[in-house]
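Read the figures in this text as sums done on the coordinates, not as results from a lab. None of the values given here were measured: they were computed from a predicted structure. Cβ placement follows ideal geometry from the backbone for every residue including glycine, while neighbour counts extend to all protein chains displayed.
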Amino acid sequence: MSTNETAAPSAPAERTAQHRRYLMCRPQHFTVSYSINPWMEPSRPTDTDVALRQWRTLYDTYLALGHEVELIDPLEGLPDMVYTANGGFLIDGIAYGAKFRFPERAAEGPAFMDWFRDNGYTVAEPVEVNEGEGDFLLVGDTILAGTGFRSTGDSHREVGEVFGKEVVSLTLTDPRFYHLDTAISVLDPVQGAGGVERANIAYLPSAFDEVGRGILAERYPDAIQVDDADGAVFGLNSASDGRNVLISPRAKGFEAQLRERGYNPVLIDLSELLLGGGGIKCCTLELRGGSR
Ligand code: ARG
């Protein structure tokens, strides 16, 4: 390498996909039998076969992109277990367990912690109410933490103690966007090679209070700000490997914004799972580190 090399400032960023390991759960017992978010209407029928088919497309797409997907067994009576993002938050082989806000999902917490233990993770049992990667997002070396509907402010302190990282609290204000992962999408979780690219996000400004909007604007001046119309179809509830971004086919504006920035949007329709108030990201928990 020459010592006086100069970066070409206008060269378009070549996005590189990073390998991911995820945890998913087949929606075998999926239905909407209770309502703990505004999307859930128990009187509206659900079709478990459609949910299974749509979920399978997501699973197959991750594998086709070269990622690894682990599976946790679905448990009867826990229809929301398909939303594995809520099962915990994992960094470097440590799994901070979830403690659910509502009794309907309480039993999922221990079930996920058992899986983490059985699969080589050191489990940090939670004292405070938190819903895992639904409300905690790792961006660079910072944890963005949501509150307002599910995870408590005390859990933000706890997650910071468990991982020894900076935690930035953000307050959600629109009940449709009750988890942080419905309002923020982490596009580039890590610094690019040589520090050329900052960790970056996309977000829905209207989902946050004014303080939160200020923090996001200041910390992520290059973020994609997504329109309400794309937020309303759960466009932000997406999964990125740094290049491929799996999003809802209905988030047309977001899709165009991603293309402009050199990402590759991959459209995955999870309309049936949206009846439970979840999308792509909700069905995906990232397994960072661990033994395997
Ligand atoms: N029905 C589930 C609940 O309300 C949906 C969870 C969606 N998960 C997510 N990571 N946003 O808890």
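Note on ARG157 and ALA106: with the Förster distance fixed at 30 Å, the Cβ-Cβ geometry gives a FRET efficiency of about 0.85. The Cα-based radius of gyration and maximum Cα-Cα distance (Dmax) for region 24-70 are 13.2, 39 Å.
The relative contact order of region 1-154, computed from alpha carbon pairs under 8 Å that lie at least 6 residues apart in sequence, is 19 percent. Picking from GLU133, GLU70, GLU255, which is most flexible by a Gaussian network model of the chain using Cα springs under 10 Å? So, out of GLU133, GLU70, GLU255, the one fluctuating most is GLU70. The convex hull around the C-alpha trace of region 141-292, projected and averaged over every direction, spans 9.7 square nanometres.
The GluC sites (Glu not before Pro) of region 71-125 that DSSP puts in a loop, and whose beta carbon has at most 14 other beta carbons within 10 Å, are GLU76.
Size descriptors for the chain, from the alpha-carbon set: Rg then Dmax equal 18.2, 67 Å. The modelled label-to-label distance for the pair LEU75/GLN225, using points 7 Å beyond Cα in the direction of Cβ, is 4.3 nm. Full extension of the chain segment joining ARG117 with VAL211 gains 30.1 nm, where the gain is 0.36 nm per residue of separation less the Cα-Cα distance. Each part reduced to its alpha carbon centroid, region 113-144 and region 26-49 end up 25 Å apart. Could you work out the helix-only [θ] at 222 nm for the chain, with each DSSP H run of four or more residues adding -39,500 (n - 2.57) and the total divided by the number of residues, to the nearest 500 deg cm²/dmol? -6500 deg cm²/dmol, from helical runs alone.
Of all aspartates and glutamates in the structure, the ones whose alpha carbon falls short of 14 Å from that of LYS165, not counting any fewer than 8 places away in one chain, are ASP92, ASP141.
State, to one decimal in nm, how far the label point of GLU14 lies from the label point of LYS252, with both points 7 Å from Cα in the Cβ direction. About 3.4 nm separates the two model spin labels.
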